[in-house]
Amino acid sequence: MMQRILLFLLILSSWPLQAAAEILAVSDDQQRLLGIEVQPVRFATDADAAELTLRVVFSPDGEWAIKTPLPGILQRTWVQVGDRVARGDALVTVRSPELVSLQRDFLKAMAEFALQQSALERNRKLKDAGSVSSRRWQETLYAFNIARAEYSGLRAQLMLAGFSEEDVDRLNASAEVTPDMTLRAPADAIVLERPAMLGDHLEGSELLARLGEPDKLMLEGVLSKSAAAYLAAGMEISMQDGGNQGVIVLVSNVIDPATQTVRVRAEPTGIAGLTPGQLTRWTVRAGGELLTVPSAAIVKLDGVDIAYVRVPGGFSARPVTVRGTVGGWIVANGLVAGDEVAVTGTAALKGMSVGMGGGDG
């Protein structure tokens with residue numbers, strides 16, 4: 001170690017002669033003593049183009065907000081946060097005086113519709129026999145259409161209030177009015193939120209439960225504008241430490257004014273091992289040849305990325321433009337295939353650069 005330090009000091013002492021050539025003069029023996037090793041810049045086929053950290057979230061069509069359609073009181077809760085529910089399972093029950101009025105109006109409309117339907121059938125036979133005037137037939141037809149519209153509208157309102165087709169048919173058959181409406185799961189899902197408490201007075205449209213479908217997942221993340229510039233929709237991604245694959249579906253062209261970041265969205269081809277809320281690491285596949293160097297080959301000097309390229313008689317500090325990837329750097333410019341760059345001993349080379357008048361970045 002002492003020998004290496006002495007050699008380093010000796011090399012530094014000769015900088016005024018080397019600065020003119022802008023080359024760090026290092027002989028083969030000095031290179032060996034300073035522990036400098038080089039590797040060639042190479043093309044990598046289908047190299048990892050970038051790394052992404054993406055959060056697993058529910059797809060837009062996989063989240064449900066269950067709200068109370070009518071004012072009332074929260075009478076019963078059937079589920080807790082984290083429960084898995086099947087389509088049609090009861091979530092909450094709301095007791096509502098308005099529901100009583102709605103059912104009463106529906107039964108009246110149903111009776112009126114039945115009455116007008118009978119009148120329509122009777123007058124149709126009379127019309128066919130020539131015993132009903134055209135005016136009387138038009139009045140009968142008008143009354144029937146009004147009754148049918150009222151019945152259909154109230155039936156739809158009951159459906160919006162949480163009644164199923166079976167519930168409406170049961171009310172049709174029994175004419176038994178209930179003050180309770182039970183809201184049910186619209187799909188197989190997980191209960192994500194259930195903010196209301198038993199006994200809460202509800203004015204209408206309050207959130208009673210939020211659901212997410214675990215088989216409808218996607219990936220979201222935010223990147224700096226410069227990092228997002230290398231991405232495009234259609235690029236394939238692979239999950240690190242996992243076998244999942246995916247594809248980028250959106251690289252937003254809108255920059256968040258507060259964070260100066262760009263939103264990226266991807267769709268996994270499978271959901272095995274993915275959990276909503278989970279942070280996952282992915283690599284982007286370039287799908288072609290990229291010029292790459294190992295991570296240790298790039299150092300900062302005066303805030304600029306530098307690679308030390310072996311040249312006759314020593315090394316040249318060459319500014320480069322790179323972006324990070326798994327296990328190395330992708331080179332945009334500054335190097336060409338076949339250049340040999342230092343991958344160890346770069347601290348000694350950086351010290352020599354500083355001795356020539358450079359600054360520590």
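So the values come out like this:
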item	result
Only listed residue being assigned to a loop (DSSP other than H, G, I, E, B), without any contact (Cβ under 8 Å) to a residue 40 or more places away in the chain, of a type outside the set (Phe, Trp, Tyr) and in the same structural domain as GLU98 (by TED's automatic domain parsing), chosen from SER131, SER152	SER131
Selection count, segment 155-185, where residues are under 31 Å from the mean Cα position of the chain (by Cα), surrounded by 15 or more Cβ atoms within 10 Å (Cβ to Cβ) and not small (Gly, Ala, Ser)	2
Spans of strands (runs of 3 or more DSSP E) in segment 25-104 with at least 3 residues free of Cβ contacts under 8 Å to residues at least 60 places away in the same chain	none
Which numbered condition LEU154 misses (of (1) touching an Asp or Glu at 6+ places or on another chain (Cβ under 6 Å); (2) closer than 28 Å to GLY212 by Cβ)	(2)
Only one of GLN278, GLN245 that is among the polar types (S, T, N, Q), closer than 30 Å to ARG87 by Cα and touching a Ser or Thr at 6+ places or on another chain (Cβ under 6 Å)	GLN245
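The values are calculated or read from the model by the stated rules, or taken from the named source; none is laboratory data. Predicted, not measured: the structure shown is a model, and the values here were computed from it. FYI the Cβ positions are ideal-geometry reconstructions off the backbone, even for glycines, and counts take in every protein chain you see.
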